[in-house]
Amino acid sequence: MRIGIGHDTHRLGPQGPLRLGGVDVPHDAHAIGHSDADVLLHAITDALLGALALGDIGSWFPDTAPENAGRDSADFLKAALSAVTERGWRLENLDCIVFAQRPKLAPHREALRSSLARLLEVDLDRVSFKAKTGEKVDAVGREEAIQAQAVVLLERVAT
Ligand code: MG
């Protein structure tokens, strides 16, 4: 077994939608970034890479590279997943948290889980999604930023 952890933060700017887990969540703010700024997919990508000590999303996909500008973060996740499967590992489960003061994410939980399960090519019951507010303090609570955390467990595929 291998475990990996990922964390990410993005600043928020005016006008939506809010790209999260490969889903465009209706909102009056969006995450600012070089790519599509999907904070959740970035955290999961880092968790997958971290589980096998393969570096991080910044070394794989520099935010100075023009080809990554506005890029769909699903590309980053797919690359990390391929790196995992090519080395003989499979995803056992994912648990993740998004920290956002607004919008309420509970109504989007199943859509987000479905999107993540599809992108990660696993059954839905291996994907957990949780949402927390920032309790109106710090950058998340003041709606200046959005954050995500992810943990993955990988299992060696029997050969
Ligand atoms: Mg990021």
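Taking 149, 15, 101 as the candidate residues, the one with maximal mean-square fluctuation in a Gaussian network model of the chain, Cα springs under 10 Å, is 15. Given the DSSP H assignment, sum -39500 (n - 2.57) over each helix run of at least 4 residues in the chain and divide by its residue total; what's the result at 222 nm in deg cm²/dmol, nearest 500? Only helices count here, giving -8000 deg cm²/dmol.
Cα axis of helix 109-120 to longest principal axis of the chain: angle in degrees, 0 to 90, nearest 10? Rounded to the nearest ten degrees, it is 40. Of all beta bridges that DSSP places with both ends in the range 85-159, some 60 percent have antiparallel geometry.
Output the 0 to 90 degree angle, nearest 10, between the alpha-carbon long axis of helix 39-51 and the longest principal axis computed from the alpha carbons of the chain. Roughly 30 degrees, rounded to the nearest 10. Residues considered: 124, 41, 112. Largest GNM mean-square fluctuation over the chain, using C-alpha springs under 10 Å, is found at 124. Relative to the longest principal Cα axis of the chain, at what angle does helix 74-86 sit, 0 to 90 degrees, rounded to 10? Tilt relative to the chain: about 20 degrees. About its Cα centre, the dipole of the chain is roughly 340 debye, where the only charges are +1 on Lys and Arg Cβ and -1 on Asp and Glu Cβ. For the chain, modelled as a GNM whose springs connect Cα atoms under 10 angstrom apart, the maximal fluctuation among 65, 79, 131 occurs at 65.
If you count the DSSP beta bridges with both ends in the chain, what percent of them are antiparallel, to the nearest 5? Numbers along the way, then the final one.
On the way: 26 of 32 bridges.
Taking every DSSP beta bridge within the chain, about 80 percent pair in antiparallel fashion.
Every number here is computed from the coordinates shown, using simple stated rules; none is lab data. Source: prediction; values computed, not measured. Neighbour counts run over all protein chains shown; Cβ positions are idealised from the backbone, glycine included.
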